[in-house]
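Worksheet for the structure shown next.
The values are calculated or read from the model by the stated rules, or taken from the named source; none is laboratory data. A quick note: this is a predicted structure, and the numbers were derived from the prediction, not measured. Note that each Cβ is placed from the backbone with ideal geometry, even for glycine, and that neighbours are counted across all protein chains shown.
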Amino acid sequence: MKTISIDHLARVEGNGGIHATIDGKVVTDVKFTINEGPRLIEKLALGRTPDEDVSMSPRICAICTCSHKNSVLRAFENAMDIKITPKAYLLREMMHMGEFIESHSLHTFYLALPDFLGYPNAIAMAADYAFEVQIALEMKHYGNHIMKVTNGRYIHGENAIIGGFGKWPSREEMIFIKDRALQFMPFVQKTVDLFCGLEYPNSPNAETNYMCCEPGSGKFGFWGDEILISTGETVPRDDYKSVTNEFVVSHSFAKHSLYQDKPFTVGALARIVNLGDRLEGQAGEMYKKYFNETWKTNPFYHNPSRTLEIMYAFERIPGLVDEFLKLEDPASVVDYEVKDGKGTGLVEAPRGLLIHHHEVQDGVVSYVDIITPTAQNTEDIERYCHVAAQ
Amino acid sequence: MKIVKLKKDNLFPFLEAIKGDAELWAPVKKDDAKHTFQPVDDFSQIDLDYTRTILPPRKILLPAKFNMYQASKSEFTSDFSHISKKIIFGIHPCDIHAFLTMDKFYSYEIEDPYWLEARKNLVLLGHSCWPDENCMCKSTNTHVVEEGYDLFFTDLEDTYVVWIGSSRGDDLIREKPELFEEDLTDTDIQKFIQRRENRDKAFTTEINFAAMPDLMELKYNDALWEKLGDACLACGSCTNVCPTCNCYNVEDRPVLGKDFSNIQRCWDACTLENYSGVAGGENFREKRADRLKLWYTHKLQSYISKYGKPACVGCGRCVATCPVDINVKTVAQSLDGNEVDSFWDRLSKEVTK
Amino acid sequence: MSKNNDKKLKIGIYELTGCAGDGLLILDCEMELVDIFQAADIQSFLMAKSDNIDGELDIALVEGSVSTEREIEELKDIRKRAQVVVAFGLCATHGGIQARFSEEEWQKNLKEVYGDIEMSHTKAVHSKPIDEYIDVDLYLPGCPVSKDQFLNFLVRALGGSPPEVYPNPVCVTCKYNENDCLLLKGIPCLGPLTADGCGAICPNHNVPCYGCWGPAEGANFTSEFYLLQEKGFDMEAIKKRMANYSGTKLQEFFEKFKKESQ
Amino acid sequence: MNTENKITAQSNPFLPEPARIVRTYPLTDDVHFFQVRIADMEKALSFRYEIGQFAMISVLGAGEAPFSISSTPSRPGLLEFCIRRAGAVTSKLFQLKENDFVGIRGPYGNGFPVEKMQGKDILIVMGGLGAAPLRSVLLYCLDNRDLFGRIILLHGAKRPAEMLFRDELLDIKKRDDLEGYLTVDGDDTGQWTENVGVVTTLFPKLENINPENTVGVVCGPPVMYKFVLQEFLKLDIPKDQILMTLERRMKCGVGKCGHCAIDYIYTCLEGPVFSYWDVTHMRELI
Ligand SMILES: Cc1cc2nc3c(=O)[nH]c(=O)nc-3n(C[C@H](O)[C@H](O)[C@H](O)COP(=O)(O)OP(=O)(O)OC[C@H]3O[C@@H](n4cnc5c(N)ncnc54)[C@H](O)[C@@H]3O)c2cc1C
Ligand code: SF4
Ligand code: SF4
Ligand code: SF4
């Protein structure tokens, strides 16, 4: 019996490793470990005010900080019956678009592409693909820029607050965002063609369940109040526990989840499998052109899925800006009283379904439950690795 | 001195005519009715109904951070690239006085080209104002200006009386003489005088600045300073908003991928912790009380000996800014023996409790 | 700061327990990234590259708090290999949000979250800043660090000098940005107590500073305490707010404060 | 301020002159000697300064800092500095080699009042890094020997190895127109032939001091001032004939950055040389 261990996986966000145990020719066990220690984030906010919680919770993860922000905000606004203005709603969506563009371009171009093309990192790739690397950097920068304009800074912005925003961005900033989106479209098209056209290694045909938010009204989108499972079932947000029973394993401080005792997949591929046929415009055409049944059984198709979502985001932004600017300027934040209650907020983070459940009692936070995409995917990651190692 | 009249409707056409390729800075409303000086292209953004801006207009000449020069291995090249033609419109008398004070300071012994060059490229268009309870310019005698501006606009409801304060100001008028009327009527003059009298009466705060140099000297070891030191948040705000503060740091900032550095000048404030720190961890003014003493010596005492008037021009910015009531108004009143309802007194009672 | 004249500086970037925001911030220097990789010899940076080497280093940037026994070993190894160790980001400098518990609270909470399961790969320890275990040469706080701060550090380090540091509170930049002070409006802003560098992000947006860069040198906690109390905030609530981002390092102050106000 | 050197706005007074390090060697572990020449020959020769003035030295990538000029104006062309490794600028400076470039601007400060010192007996007391500015005074007085009366030097260091300019001073001490006394707090070499004890233990050796005609000059670490000043006063030297140089934070050297302000005096313009009389009238000084 021997074990193959990769202590530190490179070019993943977070610090993880894979350990495969092989007995003769049979892989007996695969463990995906998170090397990080426990941070007890769900305990941190207890006894704190909701606004402090909103500041702290997104610190779980720098890459999907805006998703966490949107999720925790939705949770508290549900808990305290706060209705934000339509304008704030649009700006929250814009913030989410920024994160998707930033995160997906990071993931596809910097973390994944060097592997497919055989380079140790994206900068090394620049020697042969100077133009692509440059524009991809600009695309990532653009995503960051949106987050800065909407939420105050690239990582852990603080402009999005309970009830809306601290401050509206200026008209000029919004118009700049729109104009840039339009300029990027040709490159976005290239990106989709590149990733959807790549030859991916064959996968051992491992079928799984796919899970994501149901955006509602037949649209594609990154949040909603129900969970949609590829089996066709939907689960209301408050029943989230019925699908994501987090549990502790002894080899990782990240918790694991199972759906009806089976692992499941969330993320870009899950969204494209579940919702891809709702894509409109150019993204819709690209979906029709490239999507096929093999995507459903091969996790390598996360990357092409991400590029379809990048395209979706770029196509959504000009409309968002127009709608935003059409609306009057109400106060950026609605008045509210902190009151007791329980609330759940569902969003799609770039990595997949993200659930925040927060409860308020006596004006302070009394219970927090956060289910991250990593927690949901780890069981599946181990399973895939097991199959792949085999 | 020449005086002309301008109908209010003619203001924007006049500004348009003189702007040319210059950057026009004017007061613009920020949220919550506070104002700031901003470069404006769209004149409708200008809001002249203001008392004081958050930062003084010196930021337009010496920004919080700018490059002084580039340094490479064996060469040093001045960088004046941040200096360009600018017009400040809507500046009040106290701030014009502050510019005059800074002119003297920056020419004293050795001339500071960054201030003086910027100043040469600057057109100052003053505007009349109305005091609030924090304005002390009547006490510092900076509520009227005789010099230091190119044009000064006094608001008489539907017209401006425009004082021409320099030959450059005269040239500006000549750009569009048809907009102006040469002759003031008796009613105009009456209105002008009436306004001045009413304004003089509107000042509610009076500070005995003449007594301050002596009082600073006599009360140098007064218990007051300890109390102020206990309350001061050392946030630097009073210093940063004061129109006559000038301290700065210099930073050598290499440029990534290049073999030269930008030598940057950035504001510093004597009320901040590290202001007097030197190599090896020694700090000559570790105590907040000592740093406050330095600031108030500067504002209330030292300029008088050097330039004949206090550094404070009575703009009231420190009064409007300090979260813990430490400002020229309260400090001067306390030094003068008055009871002041201030946070520092309440704080010391709390702490001893 | 160490340097060798002809060779590029060897830099390693390491992540302990945290949100990975400081490493990500390096990748967020999109327009400078190619120059960074050209100017320095980045030996190890898990998030960005796969050909990582664990050898001698001129500079090690360590982000994250120490939260497992394995991380203690890793950290000690980094210290041995690196001339200069930089605590990179609030988790490394102050322990981060996860360091705000006392030892007992932490034990209790750990048990509540993970039950009695023993981790096979390593043992968890109470989160602490890295200088609890090794000597640290430079501190770059911030949750996350700022681009300006990182680039300033890097360009100076490449030339062999430490960065210029101004241990100012957030209010300084807040005033540069001409924000109307929130404290004056009765909003509990922690700007006067918090190290500057973020660009006054929160007050720029009418949001009170939460203190995410950790305590500022020379901050007057006592005065801010009483000021907020006067504005109607509860003493316990103020203390909690202040403790959120200050990790273990605010504890000393609270002890002192308790004595003073008795 | 020497008006001859007054730089006008046309030549940006903040802009350093490129200069080359001509010679550098360690005086002690953490104090190095630097001999520097302004690259432009003409400017090098027209750089005139007075004893006790200082210059700003800038090092690319690290910054700029003030340093006393240790050489004597009676030997123009080369500037000498004696610099202790303290932080960013000085550490980088220590890495530079002969022929490398630095930036120089100055001279700044008031310098010693040479006219007032002429014809007087000069009593120089230096300790540690205080040798940096006072070496200039000593060399100047010796170069213009007939302008001054007696020249007395008291120099102290912690250990022989830490005595700045030890060999130079041991040499100078042999001159018969100078009364020189060197001392160390402790001798760890066993080879030290001069006095052992703190610098004030040298005072009893002084004979026939005529206080009215003596100028006392002191520079050294902060603790030293207190004790040496007491000795000066015991000798009855008038307060305005006791001179000292002070250190403050400085970023510009020309009275603009504000950091060196003591009360309303700018150390860089009206100092760094002050008389004891000035000092007793400035509240913040000592
Ligand atoms: C008039 C005068 C003469 C001096 N003469 C000498 C001398 O002959 N030899 C010598 O070794 N030292 C001298 N010093 C002290 C010397 O300037 C400091 O040791 C030096 O600034 C340290 O710089 P650094 O960057 O290496 O240290 P750091 O600690 O990195 O300094 C940080 C910054 O603070 C400023 N700073 C720190 N300490 C001082 C200080 N004491 N004075 C002014 N600015 C400071 C510097 O501008 C520097 O950029 C003198 C100081 C003054 C004011
Ligand atoms: S001291 Fe205060 S009132 Fe006086 S000029 Fe400065 S900011 Fe204005
Ligand atoms: S808003 Fe906050 S950071 Fe800004 S000046 Fe006021 S207290 Fe300081
Ligand atoms: S203002 Fe305070 S909480 Fe906000 S980003 Fe800056 S340091 Fe962090």
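Just a yes or no: is a residue in region A:65-88 part of a helix (DSSP H, G or I), crowded, with 24+ Cβ neighbours inside 10 Å, over 15 Å from the mean Cα position of the chain (by Cα) and aromatic (Phe, Trp, Tyr)? Yes.
Here is a yes/no grid of residues against (1) facing chain B (nearest Cβ under 10 Å); (2) touching a strand residue (DSSP E or B) at 6+ places or on another chain (Cβ under 9 Å):
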residue: D:213; (1), (2): no, yes
residue: D:218; (1), (2): no, yes
residue: D:227; (1), (2): no, no
residue: D:251; (1), (2): yes, yes
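Of the residues examined, residue B:148 is one that is assigned to a loop (DSSP other than H, G, I, E, B), crowded, with 20+ Cβ neighbours inside 10 Å and assigned by TED's automatic domain parsing to the domain that holds residue B:101.
Of the residues B:228, B:272, B:224, B:233, only one is touching a residue at least 24 places away in the same chain (Cβ under 8 Å), within 16 Å of ligand 1 (Cβ to nearest atom) and over 27 Å from residue B:148 (Cβ atoms); which?
Matching residue, one of B:228, B:272, B:224, B:233: B:272.
Among the residues of region D:138-170, write down those that are touching a Phe, Trp or Tyr at 6+ places or on another chain (Cβ under 6 Å) and closer than 16 Å to residue D:73 by Cα.
Answer for region D:138-170, where residues must be touching a Phe, Trp or Tyr at 6+ places or on another chain (Cβ under 6 Å) and closer than 16 Å to residue D:73 by Cα: just D:141.
Residues satisfying the criterion are present in region C:188-201 (criterion: away from ligand 2 (no atom under 16 Å from the Cβ) and either of a type in the set (S, T, N, Q) or touching a His at 6+ places or on another chain (Cβ under 7 Å) (or both)).
Under the condition of being in contact with a Leu (Cβ under 9 Å, 6 or more places away or on another chain) and either within 14 Å of chain D (Cβ to nearest Cβ) or on the phi > 0 side of the Ramachandran plot (or both), the residues counted in region B:122-160 number 1. Say whether the condition of being within 8 Å of chain A (Cβ to nearest Cβ), closer than 28 Å to residue A:136 by Cα and not in a helix (DSSP H, G or I) is met by at least one residue in region C:1-14. Looking through region C:1-14, none of the residues is within 8 Å of chain A (Cβ to nearest Cβ), closer than 28 Å to residue A:136 by Cα and not in a helix (DSSP H, G or I). Out of the residues in region B:246-269 that are in contact (Cβ under 8 Å) with a residue 60 or more places away in the chain and closer than 15 Å to residue B:56 by Cα, state the one that is farthest from ligand 4 (Cβ to nearest atom). Looking at residues that are in contact (Cβ under 8 Å) with a residue 60 or more places away in the chain and closer than 15 Å to residue B:56 by Cα, I get B:246.
Scanning region B:198-220 for any residue that is of a type outside the set (A, V, I, L, M), outside any helix (DSSP H, G or I), in contact (Cβ under 8 Å) with a residue 12 or more places away in the chain and more than 16 Å from residue B:316 (Cα to Cα) turns up at least one such residue. Selection of first residues in region A:148-166 that are crowded, with 24+ Cβ neighbours inside 10 Å and of second residues that are in a strand (DSSP E or B), restricted to Cβ pairs under 6 Å at least 6 apart or on distinct chains, gives the following pairs, ordered by first then second residue: A:151/A:160; A:159/A:165; A:164/A:333. Residues of region B:217-240 that are surrounded by 20 or more Cβ atoms within 10 Å (Cβ to Cβ) and farther than 14 Å from residue B:289 by Cβ: B:235, B:236, B:237, B:238, B:239, B:240.
Checking each residue in region C:231-250 for being within 10 Å of chain A (Cβ to nearest Cβ) and either closer than 14 Å to residue C:216 by Cβ or polar (S, T, N, Q) (or both) picks out C:244, C:245. Residues of region B:301-318 include at least one that is away from every other protein chain (no Cβ under 12 Å) and surrounded by fewer than 21 Cβ atoms within 10 Å (Cβ to Cβ). Within region C:81-98, is there a residue that is more than 25 Å from residue C:213 (Cβ to Cβ) and either more than 11 Å from every other protein chain (Cβ to nearest Cβ) or surrounded by fewer than 24 Cβ atoms within 10 Å (Cβ to Cβ) (or both)? Within region C:81-98, one or more residues are more than 25 Å from residue C:213 (Cβ to Cβ) and either more than 11 Å from every other protein chain (Cβ to nearest Cβ) or surrounded by fewer than 24 Cβ atoms within 10 Å (Cβ to Cβ) (or both).
Taken together, A:96, A:107 contain a single residue that is crowded, with 21+ Cβ neighbours inside 10 Å, touching a Phe, Trp or Tyr at 6+ places or on another chain (Cβ under 7 Å) and either within 19 Å of residue A:314 (Cβ to Cβ) or modelled with pLDDT of 95 or more (or both), which is A:96.
Flag set for residue D:37, criterion: closer than 20 Å to residue D:74 by Cα and touching a helix residue (DSSP H, G or I) at 6+ places or on another chain (Cβ under 6 Å). Residues in region B:269-300 that are small (Gly, Ala, Ser) and more than 8 Å from chain D (Cβ to nearest Cβ): B:269, B:281, B:289. Taking region B:203-250 as the range and being more than 12 Å from chain D (Cβ to nearest Cβ), β-branched (Val, Ile, Thr) and within 16 Å of ligand 3 (Cβ to nearest atom) as the test, only B:241 passes.
Where strands (runs of 3 or more DSSP E) fall wholly inside region B:1-110, the ranges with 2 or more residues that are away from chain D (no Cβ under 14 Å) and more than 30 Å from residue B:186 (Cα to Cα) are B:23-29, B:35-39, B:86-91. Screening residue C:166 on (1) away from chain D (no Cβ under 14 Å); (2) in contact with a Cys (Cβ under 9 Å, 6 or more places away or on another chain) shows it passes everything except condition (1).
One residue alone among D:202, D:229, D:182 is in contact with a His (Cβ under 6 Å, 6 or more places away or on another chain) and either within 16 Å of ligand 3 (Cβ to nearest atom) or not in a loop (DSSP other than H, G, I, E, B) (or both), and that residue is D:182. Only one entry of C:214, C:186, C:197 meets the criterion of being within 8 Å of ligand 4 (Cβ to nearest atom) and either in contact with a Cys (Cβ under 9 Å, 6 or more places away or on another chain) or more than 7 Å from every other protein chain (Cβ to nearest Cβ) (or both), and that entry is C:197. Here residue D:90 does not qualify as under 19 Å from the mean Cα position of the chain (by Cα), among the polar types (S, T, N, Q), away from ligand 1 (no atom under 13 Å from the Cβ) and crowded, with 20+ Cβ neighbours inside 10 Å. Within region A:105-126, the presence of a residue that is more than 13 Å from chain C (Cβ to nearest Cβ) and of a type outside the set (S, T, N, Q) is excluded. Being under 26 Å from residue B:61 (Cβ atoms), in the same structural domain as residue B:270 (by TED's automatic domain parsing), within 16 Å of ligand 2 (Cβ to nearest atom) and surrounded by 16 or more Cβ atoms within 10 Å (Cβ to Cβ) is the requirement here; does residue B:243 meet it? It is true that residue B:243 is under 26 Å from residue B:61 (Cβ atoms), in the same structural domain as residue B:270 (by TED's automatic domain parsing), within 16 Å of ligand 2 (Cβ to nearest atom) and surrounded by 16 or more Cβ atoms within 10 Å (Cβ to Cβ). Would you say residue C:135 is assigned to a loop (DSSP other than H, G, I, E, B), in contact (Cβ under 8 Å) with a residue 12 or more places away in the chain and more than 14 Å from chain D (Cβ to nearest Cβ)? Yes. Considering only residues in region A:127-160 that are more than 23 Å from residue A:193 (Cβ to Cβ) and in a helix (DSSP H, G or I), the one that is nearest to the other protein chains (Cβ to nearest Cβ) turns out to be A:144.
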